[in-house]
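Q: Take a look at this one; I'll ask things after.
The values are calculated or read from the model by the stated rules, or taken from the named source; none is laboratory data. Note that the structure is a prediction, hence the values are computed from the model and not measured. Methodologically, a virtual Cβ is constructed for each residue, glycine included, from the backbone with ideal geometry; neighbour enumeration extends over all protein chains shown.
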Amino acid sequence: MKSTQELQTIATQVRRDIVRMTTAAKSGHPGGSLGTTDWMTAMQFNIMQASPETFTMDGNNQDMLFVSQGHITPVIYSTMARRGYFEVSELATFRKFATRLQGHPSVAHNLPGIRMASGSLGQGMSVGIGAALGKKMRNDKTLVYTLHGDGELQEGQIWESVMFAGAKGVDNLISTIDYNGQQIDGTTDQVMSLGDLKAKFESFMWTVVDIANGNDMQQVLDGMAEAKNLTGKGHPVVVLLHTEMGYGVDFMQGTNKYHGAVLSADDLPRALAQLPETEYGDF
Amino acid sequence: MTTFENKSSKELRAGMGDGLVEVGKRNSDVVALSADVFGSVKMDAFKKAYPDRCVQCGIAEANMIGIAAGLSLCGKIPFVGGFAEFVTGRVYDQIRQVLAYSNKNVKICGSHAGISLGEDGATHQTMEDIALMKALPNMTVLVPCDYNQARQATIAAADYVGPMYIRLGRSKMPNFTPEDEPFVIGKAQHLIEGSDVSIFACGHLVWEALEAAKALEAEGIHAEVINIHTIKPLDTEAIIASARKTGAVVTCEEHLFNGGLGDSVAQTLALNCPTPMEYVAVNDKFGESGTPDEMLTNYGLRSKNIVEKVYAVLKRKC
């Protein structure tokens, strides 16, 4: 377990990794990665009952995480490496030929810590439900977590799985929505409004936890602890994690410009200047 | 010439359902999922025997594929049952990402496949499913030919690790293979030895191929009939050996020309031993409503059509 301050420092290092990885690869998705950095860091180091030492593909007696919006690989890989799933130096291979760090998560390249491919949106909650049912069948009391982009909620399959989990009371599942209001073509309101998400999930018999500032480490820790406490009570739990796409670099925030676009080599130093070096060091 | 007897016509989907009960008895990790069609795909006996090992997904096939993938992670062996079109074409991308690319141990059982589905019409009569499923890396594709073989294929599927598609029909069809003959995945089944022409068939068309061989024998033409019950991995050795022996090939399937058994055989021949070949299949069109018999007859999938194609290919034989 890390202190809140330690987690904040790790998150700063992860943000440095994200912008450096994507600029080096000349591609990738820094915006959503920066926005979910605090949550992913908290999950890897404090929230989840899981570790590189105990990782198994079948996840028996370990919490399992499925990141459904697979495009945020920069934050997935950085937090995994910083947690010890593989060497931090491997982050330099992101998106390069023959890498284990594929553009979107893959199990075909034997990267420890990944259990399922994602990238085609809308599928991770279904997978999480399957794993949650599998855990119940083998009397495994650990939890299944999923993470979704808010734009991803426009996929029909999401609502199939939301309906299923609510109707069947899959109460060992916590799904988190990265609620940043942005997607590739504009804001979610411009593209297709999500409406009242809280009411929508509640009407499907989910328990809703709201984290007002998903870029505040303490709020993330408190909110996820609350979510955990709400499991095992007959309902799936959804966390509405309000974040800002691009958080941590002022000129990347408040816009969808960096959803799938990377900083130029010229702009990278400007971003890094806002993300102080840490004791963990760059890859 | 070896002859085959139709002991009694039975549904292939029922063979899968009965096989599933058997593997369920043997292996407590076997689980079944369906999207509101447990009964239609004949998985209801398994559901009755093992209610705690069934997941009723409601009419939501995409979610069902993901749930199956998640269950497989936990060491379960999910058998997913549905109408062939809705558990292949409708959910192709889901199968691609979480089953094939992620290489998960899930068995998709597609019932009501092919034009012999009949009255439901073209929306339900998939004739593209073999093409879709065989295109996916890691995927194994089985097309058993009768009830007994569908049952044996299901038993073999439970012992095989990896994503798999099993194609099954809805209608009662001749049941002629031995009840206790194990299904060997990837191994073509030699039914009749012959020297003049090789007939490679799969699914319901195997019986038609046997009937055709009988008719040809009466005309002095010795046809070899091989059941290609595994489209992928394809038994290329058996195909090449037979084609080299006879020098003429006819393929038979209840599928479109594009992407079916015929294309797999044609590719094998082109790369190894170019041989004159004819297709008995449906050429680039959808089906329609009618009885199963009317469908097979009007779409040219009968033994007489196979005989015609044999004569056509023999004319081209060098």
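Q: Looking only at the stretch A:205-217, count every residue that is touching a residue at least 60 places away in the same chain (Cβ under 8 Å) and part of a strand (DSSP E or B) and tell me the total.
A: Of the stretch A:205-217, the ones touching a residue at least 60 places away in the same chain (Cβ under 8 Å) are A:214-217.
From what is left, the residues that are part of a strand (DSSP E or B) are none.
Adding up the residues that qualify gives 0.
Conditions tested, residue by residue: (1) outside any loop (DSSP other than H, G, I, E, B); (2) among the small types (Gly, Ala, Ser).
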position	(1), (2)
A:Thr176	yes, no
A:Leu194	no, no
A:Gln219	yes, no
A:Gly232	no, yes
A:Val238	yes, no
A:Thr255	no, no
A:Arg270	yes, no
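Q: Please determine, by comparing only the residues of the stretch A:108-139 that are crowded, with 17+ Cβ neighbours inside 10 Å and over 15 Å from A:Ser68 (Cβ atoms), which one is nearest to the other protein chains (Cβ to nearest Cβ).
A: A:Gly134
Q: Which pairs do you get when a residue that is without any contact (Cβ under 8 Å) to a residue 24 or more places away in the chain and surrounded by 23 or more Cβ atoms within 10 Å (Cβ to Cβ), found in the stretch A:155-177, comes within reach of a residue that is of a type in the set (A, V, I, L, M, F, W, C) and not in a strand (DSSP E or B), reach meaning Cβ atoms under 9 angstrom, with the pair 6+ apart or on two chains?
A: Pairs that qualify, where the first residue is without any contact (Cβ under 8 Å) to a residue 24 or more places away in the chain and surrounded by 23 or more Cβ atoms within 10 Å (Cβ to Cβ) and the partner is of a type in the set (A, V, I, L, M, F, W, C) and not in a strand (DSSP E or B): there are none.
Q: Out of the stretch A:42-68, which residues are of a type in the set (Ser, Thr, Tyr) and either in contact (Cβ under 8 Å) with a residue 40 or more places away in the chain or within 14 Å of another protein chain (Cβ to nearest Cβ) (or both)?
A: Residues satisfying the conditions are A:Thr56, A:Ser68.
Q: Can you name the residue in the stretch B:34-60 that is among the charged types (D, E, K, R) and over 21 Å from the mean Cα position of the chain (by Cα) and, of all such residues, is farthest from B:Leu12 (Cα to Cα)?
A: Here is the first cut: in the stretch B:34-60, the residues among the charged types (D, E, K, R) are B:36, B:42, B:44, B:47-48, B:52-53.
Among the residues that remain, those that are also over 21 Å from the mean Cα position of the chain (by Cα) are: B:36, B:44, B:47-48, B:52-53.
Working: B:Asp36: 19, B:Asp44: 15, B:Lys47: 18, B:Lys48: 20, B:Asp52: 25, B:Arg53: 23 Å.
My answer is B:Asp52.
Q: Can you tell me how many residues in the stretch B:23-76 are away from chain A (no Cβ under 11 Å), surrounded by 24 or more Cβ atoms within 10 Å (Cβ to Cβ) and β-branched (Val, Ile, Thr)?
A: 1
Q: Hey, another quick one. Among the candidates A:Thr142, A:Thr146, single out the residue that is more than 8 Å from chain B (Cβ to nearest Cβ), at pLDDT 95 or above and in a loop (DSSP other than H, G, I, E, B). Walk me through how you get there before you give the answer.
A: Details: A:Thr146 fails: in a loop (DSSP other than H, G, I, E, B).
One residue alone meets the criteria, A:Thr142.
Q: Related question: Looking at B:Glu224 and the list (1) buried (at least 16 other Cβ atoms within 10 Å of the Cβ); (2) outside any helix (DSSP H, G or I); (3) touching a residue at least 40 places away in the same chain (Cβ under 8 Å), which single condition is not satisfied?
A: (3)
Q: Taking the condition of being of a type in the set (D, E, K, R) and farther than 14 Å from B:Cys74 by Cα, how many residues in the stretch A:121-174 meet it?
A: Looking only at the stretch A:121-174, we keep the residues that are of a type in the set (D, E, K, R), and these are A:135-136, A:138, A:140-141, A:150, A:152, A:155, A:160, A:168, A:171.
If we keep only those that are farther than 14 Å from B:Cys74 by Cα too, we end up with A:150, A:152, A:155, A:160, A:168, A:171.
Adding up the residues that qualify gives 6.
Condition check ((1) in contact with a Lys or Arg (Cβ under 6 Å, 6 or more places away or on another chain); (2) surrounded by fewer than 24 Cβ atoms within 10 Å (Cβ to Cβ); (3) within 11 Å of chain A (Cβ to nearest Cβ); (4) closer than 16 Å to B:Ala60 by Cβ) across all residues:
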position: B:Gly81; (1), (2), (3), (4): no, no, no, yes
position: B:Ala84; (1), (2), (3), (4): no, no, no, no
position: B:Asn103; (1), (2), (3), (4): no, yes, yes, no
position: B:Gly110; (1), (2), (3), (4): yes, no, no, no
